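All of the numbers you see were taken from the coordinates with simple rules; none came from a lab. Predicted model, so just to flag it, every value in this text is computed and none were measured. Methodologically, a virtual Cβ is constructed for each residue, glycine included, from the backbone with ideal geometry; neighbour enumeration extends over all protein chains shown.
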Amino acid sequence: MKFLLKRLHKNRHLYEPGGKLEALFPLYEAQETFLFTPPHQAKGAPHVRDGLDLKRAMMTVIFALIPPTLWGIYNAGLQYNVVNQIENASTMTHWIQGAMIVMPIILVSYIVGGIIEVAFCIIRKHEVNEGFLVTGLLFPLTLPPTIPLWQVAVGIAFGILIGKEIFGGTGFNVLNPALTARAFLFFAYPAQISGDAVWTVVKADNVIDGFTGATPLAVAAATPAGASVIDALNEAGFSWSTMFGGAIGGSIAETSVIPILLGAALLIAMGIGAWRIMAGGVIGLTIAASLMNLLPADNFSPFTQLPFYYHMVMGSFLFGIVYMATDPVSAAATNTGKWIYGILIGVLAIIIRVGNPAFPEGVMLAILFMNVMAPMIDHYVVQGHVRKRRADIEARRLSYAKG
Amino acid sequence: MATAKKIISDPLSDNNPITIQVLGICSALAVTVQMETAFVMACALTAVLTSSNVIISLLRNHIPSRIRMIVEVSVIASLVVIVDQVLRAYLFELSRQLSIFVGLIITNCIVMGRAEAFAIQNPPGKSFMDGLGNSLGYSVILLLVASGREILGSGTWYGLNVLPQNYLGNGLAVLAPGAFLILGVIIWVQRTVTNNFKDD
Amino acid sequence: MQKADRQLITFALTICVTCSVLLSAIAAGLKERQERQVELDRKMNVLIAFGVDTRDAETGRRISAERVEQYFSEQIREVVLDAESGREIAPEDVDLVAIREKRQLPLFKWEEDGEVQKYAFPTSGQGLWSTIYGFLALERDLATIAGITFFRHGETPGLGGEVDRSWFQEQFVGKRLLDDDGAPVRFQVVKGGVENRYPDGNEHAVDGISGATITGDGVARFVTEDFRRYNKFFETIRGS
């Protein structure tokens, strides 16, 4: 490591103002800060809000993403081997097959996103920062394994450009860039990211009779009036425990609960992920789903009758609330604000899921919508504090005057 | 004293009704899925705006100031209805695609805005030029947005295939938010190039 | 009355009168042409349902109004049926509102050498976001679909919006709306593809659009319902 540092510093003068490679300073800076603790101190958002170095925060998120990523790789391979009826498939072949499916998606996301990020850093003369490492991994994990690679490239490009750089780069973005990228693909190329056919890679020459890869959400939404959603789910092979375990088709990292809980535990233990947002989301979901249960079953779709603990393990709710909603830049920053923000995400996610027939999954839209609302929530929370303080001071002055 | 050239060129970029004054956004979103509808809409607005400017400028010394706005609206509304009726009779297919948006030119702030800001106090010649300039400013942006949306959304431009046959249309470009995004990017590029509105 | 007030009123009156006279004149002058256009558009869609190529193969332009009229005068006969009784209604009793509410049912007959070869009728209903409008054409047996067209809708582009694409519409050709006993079937737009649900094929179903289940269900529902409305009349024809 010493050797590396020496080499780096030897060339530093080239990149400093006046040096030959001045324009490429962000590249130098990136090498230095990714590998070592940087010599300078943080000045702007989101450091101020977080009170800790951005680099450490983002690297913790990356670590927290490892369990769901590994699960995603394993599961993609598992689903492939099951659906294509590969004989003698072992755990090892699941891993290898999964890596062949998932790694290209992650790599494309990093390479294309990285090029755009670095290009903007050079033009705008700001530093490459670790936030990109998180975005570049989060985004592919929310995609179906069958996603065409060019769409990954277009999506991450859109997310970085429109979701982040257009506002001025990390710290200024209103929306979570990874979710912006996913929302873009969702609306731009709906056929490749929704429906029944996209969740498991099927060999081109292998037409399987009767295979439909409907996700639990699609099954639930399609349950005919009068039937029970739980029965329909069980019939389709989605018992509660199966969905908890997550060995089913779906977006790469969303299916299993356990790895996401591991990641959440790490984020909370390190003080990186806001536990208030996560808890708020769970509470909001529970309230909304339980209220829906009270609706008369005869007049509304059977989906309204599904208990909250089913909603909790279905679709991308947990992944979204743990990794996406807690993004420090786009989330609410005040403690009260975090509760409100989290609860509303949970509530909205259920409303969109159950109420809107066009969008089987509401979590993405709920988080993006609340991203937009977060500054307003913070504003009113802060205003509330200001008013309270003022009232306190006034009361104290009055009591002095009397005394 | 603004010269004739400046009256026409100013609204094209530095004082563009859409990207700088942010007027007429509604129609810029609604009719820009294809070049064809955008082009007809641009023509319709040009016809209404230039003639309303000229008519109001001709009447400017006779209009009693107390009913000035009402007279302006009557003139604009009549012109819009005429354009709408003509489109319905001669370009039926397009007028159905444009649906209510031709009629909504009445409420397009650009028309009323130019009448109030320019035509009411300038001679007909100049008012004509001002109307033409603003129409062009509007049309240029409309056509740019429509080009972006039609090429990205369907792989065609004015109905002609410009991208390979197997190009997969971008659904977002076809939806109204796509117009917002493209308009936003146009504004971004314009402000970066002209360096106006630079804040530190 | 003050002089200024008089001027004001005179001016306002002049503007009002000028505008209204101008507008009335233009509206009256263009009315006939506009109505012809609406009619032409409707006829064009009927032709598409009957499988007539309405675009010139070489130029790609639409066929002329004269050509459309020629089809209608030579080969197409239009009648309006009463939904209750299934009988033809005299032309003077035809009511556009009743047609919209499906109390009166227009029916187009395609005749060749004096014999009816095909029938077509308008069909419409709720998709996901919007009402979908179309025409459905039947073969001589009044059970086999000869063609379908959806010409107006507001569904999501790329998903439900695919209903106006030829791959979706062409699937309907040759499908049947009556079962083997001659009773109207519940037509199906099958999610995930007909082949997967019915490995032996199904002549009462077409493939759905991926990601647009509700639009597909809507199409299946209103095609079924509208066919049942007309079937009362069709039975009398089949009987004779």
- Message: Given points 7 Å out from each Cα along the Cα-Cβ axis, report the A:D392 to A:L291 separation in nanometres with one decimal.
- Response: 3.2 nm
- Work out the charge dipole of the stretch C:63-145 with +1 on the Cβ of Lys and Arg and -1 on the Cβ of Asp and Glu about the Cα centre, then indicate which of C:S124, C:A90, C:W110 is farthest towards its positive end. C:S124
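How charged is the neighbourhood of B:D10? Take every other residue with its Cβ under 14 Å from the Cβ of B:D10, and add Lys/Arg as +1 and Asp/Glu as -1. Walk me through the numbers before you get to the answer.
Numbers: positive: B:K5, B:K6, B:R114, B:K126; negative: B:D14, B:D130.
That works out to +2.
Once you keep just the Cα pairs under 8 angstrom separated by 6 or more residues, what percentage relative contact order results for chain B? Don't skip to the end; give the middle numbers.
On the way: 256 pairs, mean separation 67.5, N = 200.
The value is 34 percent.
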- Given 20 Å bins starting at zero, what is the percent of C-alpha pairs of the protein assembly as shown in each, up to the one with the largest pair distance? 12, 36, 35, 15, 2, 0
- Neighbours of B:A173 by Cβ distance under 9 Å: Lys/Arg at +1, Asp/Glu at -1, summed charge 0
- Set A:K6/A:K164; C:K31/C:K232; C:K191/C:K232; C:K109/C:K232; A:K55/A:K338; C:K109/C:K175 screened for pairs whose C-alpha atoms are more than 27 Å apart: A:K6/A:K164; C:K31/C:K232; C:K191/C:K232
- Query: Roughly how many whole Å is it from the C-alpha centroid of the stretch A:90-168 to that of the stretch B:97-170?
  - Reply: 36 Å
- Query: What is the spin-label model distance, in nm, from B:L91 to A:N299 if the labels are put 7 Å beyond Cα along the C-beta direction?
  - Reply: 4.8 nm
- Which value in deg cm²/dmol, rounded to the nearest 500, describes the helix-derived mean residue ellipticity at 222 nm for chain C, given -39,500 (n - 2.57) per DSSP H run of n ≥ 4 and division by the residue count? -13500 deg cm²/dmol
- Query: What 222 nm value per residue comes from the helices of chain B, counting each DSSP H run with n ≥ 4 as -39,500 (n - 2.57) and dividing by all residues, nearest 500 deg cm²/dmol?
  - Reply: -21000 deg cm²/dmol
- Scan the stretch C:153-237 for trypsin sites (Lys or Arg not before Pro) in coil per DSSP, keeping those whose Cβ has at most 12 other Cβ atoms within 10 Å, and list them by number. C:R165
- Item | Cβ-based exposure ranking for A:M59, A:M243, in which fewest neighbours within 10 Å come first | A:M59, A:M243
- Residue-wise HN-Hα coupling along the stretch C:15-28, computed from phi with Karplus coefficients 6.51, -1.76, 1.60 (Hz; x: Gly, Pro): 4, 4, 5, 4, 4, 5, 4, 4, 5, 4, 4, 5, 4, 5
- From the residues B:F39, B:L181, B:I106, which one has its Cα farthest along the dipole of chain B in the positive direction, the dipole being from +1 and -1 charges on Cβ of Lys/Arg and Asp/Glu about the Cα centre? B:I106
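What are the DSSP H helices in chain B that stretch 15 Å or more along their long axis, judged by alpha-carbon atoms, and whose average Kyte-Doolittle hydropathy comes to at least 0.0?
B:35-59, B:68-90, B:124-154, B:176-194
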- Size of chain B along its principal axes in angstrom, Cα-based, largest extent first? 61, 51, 25
- Once amide H atoms are placed 1.01 Å from N in the peptide plane, what residues at a sequence separation of 5 or more from C:I76, or on another chain, have their amide H within under 5 Å of its amide H? C:E111
- Query: Which aspartates and glutamates have a Cα lying under 17 Å from the Cα of A:K402, excluding residues fewer than 8 positions away in the same chain?
  - Reply: A:D392, A:E394
- Task: Return the whole-Å distance between the Cα centroid of the stretch A:266-309 and the Cα centroid of the stretch C:145-213.
- Result: 37 Å
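Under the rule of -39500 (n - 2.57) per DSSP H run of 4 or more residues, summed and divided by the residues of chain A, what mean residue ellipticity at 222 nm is obtained, to the nearest 500 deg cm²/dmol? The partial results should precede the final answer.
Working: 17 runs with 248 residues, N = 403.
Rounded to the nearest 500, the figure is -20000 deg cm²/dmol.
Please report A:T336, A:T255 as a ranked list, fewest other C-beta atoms within 10 angstrom at the top and most at the bottom.
Numbers: A:T336 16, A:T255 31.
In order of increasing Cβ crowding within 10 Å: A:T336, A:T255.
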- Neighbouring Cβ atoms within 10 Å as the yardstick, rank A:E361, A:E117, C:E66 fewest first. C:E66, A:E361, A:E117
- Task: Would you calculate the separation in nanometres between label points at A:R124 and C:S73, each defined as 7 Å from the Cα along the Cα-to-beta-carbon direction?
- Result: 6.9 nm
- So if R0 is 25 Å, what FRET efficiency would C:S130 and C:V173 give, r being the distance between their Cβ atoms, rounded to the nearest 0.05? 0.50
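Quick check: net charge around A:T304, other residues with Cβ under 13 Å of its Cβ, Lys/Arg +1 and Asp/Glu -1? It would help to have the intermediate numbers written out before the result.
Numbers: positive: A:R353; negative: A:D298.
Within the 13 Å Cβ shell, the charges total 0.
Dipole of the stretch B:104-200, Cα-centred, from +1 at each Lys and Arg C-beta and -1 at each Asp and Glu C-beta, to the nearest 20 debye? Display every interim value, and only then the final one.
Details: 5 positive and 5 negative charges, 20 e Å.
Computed about the Cα centre, the dipole is about 100 debye.
Give me the dipole magnitude in Debye, nearest 20, for chain B about the Cα centre, with unit charges on the beta carbon: positive for Lys and Arg, negative for Asp and Glu.
Values: 12 positive and 11 negative charges, 77 e Å.
So the dipole magnitude of chain B works out to roughly 360 debye.
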- Please report, in debye to the nearest 20, how large the charge dipole of the protein assembly as shown is about its Cα centre when each Lys and Arg carries +1 at its beta carbon and each Asp and Glu carries -1 there. 4180 debye
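Enter the mean number of other protein chain beta carbons within 10 Å of the beta carbon of each residue in C:206-213, as an integer.
Details: counts 0, 0, 2, 2, 8, 12, 5, 8.
Across C:206-213, the average partner-chain Cβ count within 10 Å equals 5.
Multiply the residue gap between C:R229 and C:I63 by 0.36 nm, knock off their C-alpha separation, and tell me the result in nm, one decimal place. Walk me through the intermediate numbers first.
On the way: separation 166, 0.36 × 166 = 59.76 nm, distance 3.21 nm.
Between C:R229 and C:I63, full extension yields an extra 56.5 nm.
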- Within the protein assembly as shown, what percent of beta bridges assigned by DSSP are antiparallel, to the nearest 5? 90 percent
- Neighbour cut-off at most 16 other Cβ (10 Å), DSSP loop, chymotrypsin sites (Phe, Trp or Tyr not before Pro), the stretch A:209-271: A:F211
- Residues listed by number, the stretch C:87-105, amide nitrogen under 12 Å from C:E35 label point at 7 Å toward C-beta: none
